[in-house]
Amino acid sequence: MAKQTCVPESQCIEMNNWDLGVAIGWGQKSNPLKDFNDIPLFFIPTIAYYGNNWFFDNGNLGYTLAEQESFTINLVTSYSLDRAYFYRWDPSNVFLERSSQMPTKATTNLALTTEPEAEFNTLETRNFTMLGGAEAFIYTRLGIVRLAYTHDMFNVHQGSEAQIKWSNGWEVDRFIFEFALIFDWKSQAVVDYYYGVRPSENAYWSEHYQAKSGWNKGAEITTRYVLTDNWDLLLAVRYTQIADEIAASPLLIQDYSRTYFVGAAYRF
Amino acid sequence: MTLSQLSWLALIGLSLSLVSPHLAQANSRDAALKLTPEICITSSDNQACDIDIELHWTLAKNELVCILSDNIAYPKWCSDSVLTNNLQMKIHTSTDIEFIMVSKDSNQTLASAKLKITSAAQPQVRRRYRNPWSLF
């Protein structure tokens, strides 16, 4: 298992060795939360270790149950990306500048303009949790399909997430391109925990916004230009269209999130 | 036999014991066995090596020789002409093989050569499941 030839080289990792890297540059992740700042990006770290079956990859722990030429099945952990909009020290924001809640100011709610102004007291805590579940990769000539289903492991929101992702990569001379389409499903419990309104935050909206499950849809392009064995130039762009069910939350002022980063990446 | 005579005999015996191996080696030093190629590189540790090799020898005197190996798949071979000075073989092995050339008449070892099998020793790799520079 896992000792067959791996191609292309850019999607392979040397076993039993730490893979460490950092990208330094400039970028920004827009924050769809009302009264929260966008998140500047200065660093993107990468930390990975792959053994025979176990692997750790940027905060995700996994165990490979089956590895074949045409598919892979893993048990995996992951963490929700939604909390990153609220907290600086969420794993998704490691090395990123603080995502801070600004003083409340009058802002039009795009979702429901006839409703009362969405103004909130200090938001209650949205706790961190890990999700655990399974993922499958299907390798085809037209790209890689990832199917994943994970569930809250620590009873924080008792919700589930699922993902359908298609990605494909190309190598042209020194350029390495990867394009991905991502569909993320979040259960009603997840949506309610992060985007629902507590009574202490706003009594009116805690009753009038009813969270429902929904699908976020996204696209991502990562472009690398290989300078040397260690240095790459990096350009990454991601756009996420937030599910209508989530965008309807009065906590949100935008129904999308845009991220871009341009810089240089170094692999140790 | 006097003590003096015993001393001389001992000295002569010691001298002969020291000199005789050098005489034997001098004989084998004049013989050479060259193996081409000497190394077979495989792409993985467990892969066998399939290779055509040639043994070529030179001798101090014209004599018939035999080639032996430490691999039972390649039994003893002997020349039937003093003009023969090479042997070509197809080898299939996953371990080193040592070839020894001996005199057909005296069975004295004349020279040896070793075929080494090594793997390319590529680091083991596997698929990485995450894009290291994904924007989450």
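The values are calculated or read from the model by the stated rules, or taken from the named source; none is laboratory data. Computed from a predicted structure; not experimentally measured. Cβ sites come from the backbone with ideal geometry, for glycine too, and all protein chains shown count toward neighbours. Ligands, DNA and RNA are stripped out before the accessible areas are found, and what is left, the full protein with its side chains, is counted by its heavy atoms. Shrake-Rupley method; radii C 1.70, N 1.55, O 1.52, S 1.80 Å.
Relative to one another, the C-alpha centroids of the range B:30-106 and the range A:1-66 are positioned 52 Å apart. Only helical runs count toward this figure. For chain A, summing -39,500 (n - 2.57) over DSSP H runs of n ≥ 4 and dividing by all residues gives -1500 deg cm²/dmol at 222 nm.
The calculated FRET efficiency for A:Leu61 paired with B:Glu54, based on their beta-carbon distance and R0 = 56 Å, is about 0.50. Put B:Ile97, A:Ile73 in order of accessible area, highest first, and with a 1.4 Å probe you get A:Ile73, B:Ile97.
Which residues in the range B:109-133 place their backbone N less than 17 Å from a point set 7 Å from the Cα of A:Tyr49 along the Cα-to-Cβ direction? Correct set: B:126, B:129. Legend: calculated FRET efficiency, A:Gln68 to A:Arg198, from the Cβ-Cβ distance at R0 = 41 Å, rounded to 0.05, equals 0.30. The listed residues B:Leu110, B:Leu64 rank as B:Leu64, B:Leu110 when sorted by accessible area, largest first, using a 1.4 Å probe.
Excluding A:Thr140 itself, what net charge comes from residues whose Cβ is under 15 Å from its Cβ, given Lys and Arg +1 and Asp and Glu -1? Residues close to A:Thr140 contribute a combined charge of +3. The rule of thumb for compact globular proteins, 2.2 N^0.38 Å, goes into the C-alpha radius of gyration of chain A 1.07 times.
Counting only aspartates and glutamates at least 8 places from A:Lys165 when in the same chain, those with an alpha carbon closer than 19 Å to its own are A:Asp57, A:Glu67, A:Glu69, A:Asp82, A:Glu135, A:Glu178, A:Asp184, A:Glu220. Modelled spin-label separation between A:Phe183 and B:Asn46, with each label point placed 7 Å from Cα along the Cα-to-Cβ direction: 4.0 nm. List residues of the range B:41-65, by number, whose backbone nitrogen lies under 16 Å from a label position 7 Å along Cα→C-beta of B:Thr95. Taking a point 7 Å out along Cα→Cβ of B:Thr95, the residues of the range B:41-65 whose backbone N falls under 16 Å are B:46-49.
Taking amide H atoms as placed 1.01 Å from N in the peptide plane, the amide H of A:Phe71 lies under 5 Å from those of A:Tyr139, each 5 or more residues away in sequence or on another chain.
Taken along the Cα-to-beta-carbon direction at a fixed 7 Å, the label points for A:Ile24 and B:Thr118 span 3.9 nm. For the range A:225-253, the residues whose backbone nitrogen is under 17 Å from a point 7 Å from the Cα of A:Asp38, taken along Cα to Cβ, are A:236-242, A:253. Between A:Trp231 and A:Gln210, the distance separating the two model label sites (each 7 Å from Cα on the Cα→Cβ line) works out to 5.9 nm. Within straight-line reach of B:Lys76, meaning a Cα separation under 15 Å, sit the following aspartates and glutamates at least 8 residues removed in sequence or on another chain: B:Glu98, B:Asp105.
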